[in-house]
Amino acid sequence: MKIVIAKNYKLLSKQAAAIVVKQVKKKPDSVLALATGQTPINFYHELVKAHKKKRVNFSLVKTFNLDEYVGVSKYDKHSYHYYMFNNFFKYVNLKKENIFLPDGKAKNLVKECLNYELAIKKNGGIDLAILGVGQ
């Protein structure tokens, strides 16, 4: 693991986005684990900027989000589905079939989690995980 210390949140977001851009250029079909919350918002905005400037192509990338609220519909504005689509997914060229998010409304949550883990394995495992720890 490489630890990077940034002077401030803005630089941290840019550095984290640069790491993802480098990963995707090196392996265009990278599998990314993505976090939600306040910490990565500017990071996602930096990735969107990089995509718009044609510095990164997400067309072969697969994403797996780390979590979702139990009992919350993906259409609810408080869901992580909503968060991801409105902060990142709808602004880049990720294919919908390459976006994986757990279903918080699944009838059988244990089965949902096992199937999610299986999908990660079927897609070759995680190449890079983006985690947020808050301030």
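The values are calculated or read from the model by the stated rules, or taken from the named source; none is laboratory data. Everything quoted here is computed from the prediction, not taken from an experiment. We place every Cβ from the backbone using ideal geometry, glycine too, and count neighbours over all the protein chains shown. These accessible areas exclude ligands, DNA and RNA; they are computed on the full protein's heavy atoms, side chains included. Shrake-Rupley method; radii C 1.70, N 1.55, O 1.52, S 1.80 Å.
Per-residue answers, yes or no, for (1) open to solvent by less than 70 Å² (accessible area, probe 1.4 Å); (2) modelled with pLDDT of 95 or more; (3) touching a Cys at 6+ places or on another chain (Cβ under 7 Å):
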| site | (1), (2), (3) |
| --- | --- |
| Thr36 | yes, no, no |
| Leu47 | yes, yes, no |
| Lys95 | no, yes, no |
| Leu114 | no, yes, no |
| Leu128 | yes, yes, no |
| Val133 | no, no, no |
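Pairs meeting the criteria (first residue in the stretch 83-110 and over 18 Å from Ala50 (Cβ atoms), second residue hydroxyl-bearing (Ser, Thr, Tyr) and in a loop (DSSP other than H, G, I, E, B), beta carbons under 6 Å, at least 6 apart or on different chains) are Tyr83/Thr36; Gly104/Tyr69; Lys105/Ser73. Within the stretch 26-59, the set of residues being free of Cβ contacts under 8 Å to residues at least 40 places away in the same chain, closer than 20 Å to Tyr9 by Cα and aliphatic (A, V, I, L, M) comprises Ala50 only.
When you look at Asp103, is it out of contact with any strand residue (DSSP E or B) (no Cβ under 6 Å at 6 or more places or on another chain), among the acidic types (Asp, Glu), farther than 24 Å from Leu12 by Cα and open to solvent by 30 Å² or more (accessible area, probe 1.4 Å), yes or no? Criteria met by Asp103. For Lys52, are the conditions met, namely being modelled with pLDDT of 95 or more and open to solvent by 40 Å² or more (accessible area, probe 1.4 Å)? Considered against the rule, which asks whether it is modelled with pLDDT of 95 or more and open to solvent by 40 Å² or more (accessible area, probe 1.4 Å), Lys52 comes out as yes.
Of the residues making up the stretch 57-73, those that are of a type outside the set (A, V, I, L, M) and surrounded by 17 or more Cβ atoms within 10 Å (Cβ to Cβ) number 6.
Before we move on, is Ile41 closer than 21 Å to Ile126 by Cβ and open to solvent by 20 Å² or more (accessible area, probe 1.4 Å)? Spelling it out, it is not the case that Ile41 is closer than 21 Å to Ile126 by Cβ and open to solvent by 20 Å² or more (accessible area, probe 1.4 Å). Taking the stretch 1-29 as the range and being of a type in the set (A, V, I, L, M, F, W, C), open to solvent by less than 80 Å² (accessible area, probe 1.4 Å) and not in a helix (DSSP H, G or I) as the test, the residues that pass are Val4, Ala6.
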